[in-house]
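Derivation of every value follows stated rules applied to the coordinates shown; laboratory data play no part. Keep in mind that this is a model prediction, so the values were computed, not measured. When we count neighbours, we look across all protein chains shown, and the Cβ atoms used for this are built from the backbone with ideal geometry, even at glycine.
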Amino acid sequence: MQLAPGLHRVGNDVVACYLVVTDQGITLVDAALPGHWKDLERELAVLGRPLTDIRGIVLTHGDSDHIGFAERLRRQQGIPVFAGRADVARARGEEKTSPTWGRIRLLPTMRFVAYASAKGGLRTHYLNEVVAVDDGDVLDLPGSPRVMALPGHSPGSIAIVVPGVDAVFVGDGLTTRHVLTGATGPAPAPFTDDPALALESLDRLAGVGVRWVLPGHGAPWDGGAAEAVRRVRS
């Protein structure tokens with residue numbers, strides 16, 4: 001789904017990843033769940049672009065519903081995968097965590113589990129190779145994505161700032177649809193390792209002067225980063 005020129009979403013409000021599309025190629029931010037592979041192929045077909053136009057995959061963090069089909073794309077097409085340095089082991093399946101789930105409502109939780117299962121979420125395809133990135137790095141990929149450390153949800157969570165499409169991709173730095181309660185609007189995300197640090201990290205996000213705030217779960221937010229953060233805190 002096109003959100004704006006050069007900016008596309010693959011997936012839906014439950015789980016999503018994003019494409020930054022330029023004449024020089026495509027940057028993929030996150031890789032959703034394994035079953036979103038077909039959604040990716042459909043979106044590329046609409047664009048008239050082959051898989052080989054994807055120059056790199058940037059993971060906002062290493063959780064299973066964000067690394068989805070990344071290893072398949074890396075292995076089949078030789079496309080590099082980038083992640084925050086402190087989440088490389090997580091993306092490779094070498095580090096297990098016990099995050100805070102937060103509030104739960106039965107029906108929305110069941111719907112999330114059912115959707116994730118239907119999209120292959122019961123089997124995680126960990127990465128064999130991951131390139132570590134650090135706060136402030138500007139990657140040599142279409143759109144020149146800039147890495148911004150956003151620890152809390154996981155130690156190596158990052159946001160990806162792409163001024164050319166007026167967007168910041170936040171992964172689970174915040175959510176606009178809480179998959180365990182069904183609540184909508186900017187809010188803290190569930191499954192967070194360190195909720196206090198995640199809220200503290202939003203101070204950095206508030207200063208990013210872009211229109212689009214794009215989470216891994218929930219509707220795209222086009223009201224600006226500062227307002228999204230204000231609503232999370234309220």
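Descriptive notes on the structure:
- Dipole-positive endmost among ILE104, PRO80, PHE169 within region 2-233 (Cβ charges, Cα centre): ILE104
- With only Cα atoms counted, region 86-130 has Rg and Dmax values of 13.4, 37 Å.
- Interatomic Cα distance distribution for region 140-234, bins of 10 angstrom, percent: 19, 55, 24, 2
- The overall shape of region 1-114 is oblate: from the C-alpha gyration tensor, with semi-axes ordered a ≥ b ≥ c, the ratio a/c is 1.5 or greater and a/b is no larger than b/c.
- For the chain, the convex hull drawn through the C-alpha positions has a volume of 104 cubic angstrom per residue.
- Comparing GLY93, GLY11, GLY207 in a Gaussian network model of the chain where C-alpha atoms under 10 Å apart are linked, the largest mean-square fluctuation is found at GLY207.
- Between region 41-110 and region 150-210, the alpha-carbon center distance in angstrom: 16 Å
- When the alpha carbon gyration tensor of region 1-43 is reduced to an equivalent ellipsoid, the three semi-axes, largest first, read 17, 11, 9 Å.
- Counting DSSP beta bridges with both ends in the chain, the antiparallel % (nearest 5): 65 percent
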